[in-house]
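The block underneath contains the structure these notes are about, expressed in structure tokens.
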Amino acid sequence: MEPNTRRAAQAIAAALAFTVVTQIAYLALDAGGKSEIGYPIWRLEAVLQLVVIAFGLMLVPRQPLLGGAISASGIFNLLQLGLGLTMFYNLGLGTEDGPEPTFFAVVGFAFFLYFAAKALLGIAAFALGAALWREERGPWRIVGALTALSGLAALAVNIAAMASEMELTFPAGAAGTVATALLALALSAASRQGNAQLARR
């Protein structure tokens, strides 16, 4: 990769790795429905998605599919986080009489965006993982294979989740998180000085 592209890949890798940590923390702290815990995590994730979007766009001229999928996933994630931060509490979590009728529609749309974002990261993971498998040797080639396979799994499960509403939320999220973690690792590998193949159009 060229210097600017390498720095962009490193920034994306760091941001994605942090999102994996925040998602694990969200589950470990049982933050669902607890605005005092969940909202700070969502705000941090929103900032991380801005990094993903901006630096993902820097990859587009050299790697259109990879950069485009990463940036689009960040946009969808930012939208679903915005829905959670601005509407969940007002429509459901903070009302004494129970959720408003529109609350469940908003939640459904937020999860639809969440699944779409994970599917896009699956595409990015497959694209970069396949490139590493072709171009690298040794341990990084294995990382490429695992990244590509996890990307395919995340893509398949999250597309299924988009079509089945909330039934596949946990497996879709888990598959997407694994693919995100491996994509971050693969981006770190691809950002090394010697990996010039991934800079070619």
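This table checks each residue for (1) touching a strand residue (DSSP E or B) at 6+ places or on another chain (Cβ under 6 Å); (2) hydrophobic (A, V, I, L, M, F, W, C); (3) open to solvent by less than 80 Å² (accessible area, probe 1.4 Å).
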position	(1), (2), (3)
P64	no, no, no
G68	no, no, yes
G74	no, no, yes
Q80	no, no, yes
T86	no, no, no
P99	no, no, yes
F103	no, yes, yes
V106	no, yes, yes
Residue identified as in a helix (DSSP H, G or I) and more than 20 Å from M58 (Cα to Cα) among A186, A181, A124: A181
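Give me the residue from the stretch 88-97 that is open to solvent by less than 70 Å² (accessible area, probe 1.4 Å) and assigned to a helix (DSSP H, G or I) and, out of that set, nearest to T180 (Cα to Cα).
Quick first cut of the stretch 88-97, residues open to solvent by less than 70 Å² (accessible area, probe 1.4 Å) only: 88, 91-92, 94-95.
Those still in the list that are assigned to a helix (DSSP H, G or I) too: 88, 91-92.
Working: F88: 25, L91: 31, G92: 30 Å.
By that ranking, first place goes to F88.
Could you list all residues from the stretch 43-59 that are more than 16 Å from S191 (Cα to Cα) and open to solvent by less than 40 Å² (accessible area, probe 1.4 Å)? Full working, then the answer.
So in the stretch 43-59, the residues more than 16 Å from S191 (Cα to Cα) come out as 43-51, 53-54.
E45, A46, L48, Q49, I53 - these are the residues of the stretch 43-59 that are more than 16 Å from S191 (Cα to Cα) and open to solvent by less than 40 Å² (accessible area, probe 1.4 Å).
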Answer yes if at least one residue in the stretch 73-88 is touching a Leu at 6+ places or on another chain (Cβ under 7 Å), touching a residue at least 40 places away in the same chain (Cβ under 8 Å), on the phi > 0 side of the Ramachandran plot and not acidic (D, E), and no otherwise. no
Pick from A154, A175, A190, A181: which is of a type outside the set (K, R) and either over 20 Å from V20 (Cα atoms) or surrounded by fewer than 24 Cβ atoms within 10 Å (Cβ to Cβ) (or both)? A181
Among residues of the stretch 127-148, those that are touching a residue at least 24 places away in the same chain (Cβ under 8 Å), open to solvent by less than 40 Å² (accessible area, probe 1.4 Å), not in a loop (DSSP other than H, G, I, E, B) and not β-branched (V, I, T), counted: 6
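The values are calculated or read from the model by the stated rules, or taken from the named source; none is laboratory data. Please read these numbers as outputs of a predicted model, since none were measured by experiment. FYI the Cβ positions are ideal-geometry reconstructions off the backbone, even for glycines, and counts take in every protein chain you see. Side chains included, ligands, DNA and RNA excluded: accessible areas come from the protein's heavy atoms. Shrake-Rupley method; radii C 1.70, N 1.55, O 1.52, S 1.80 Å.
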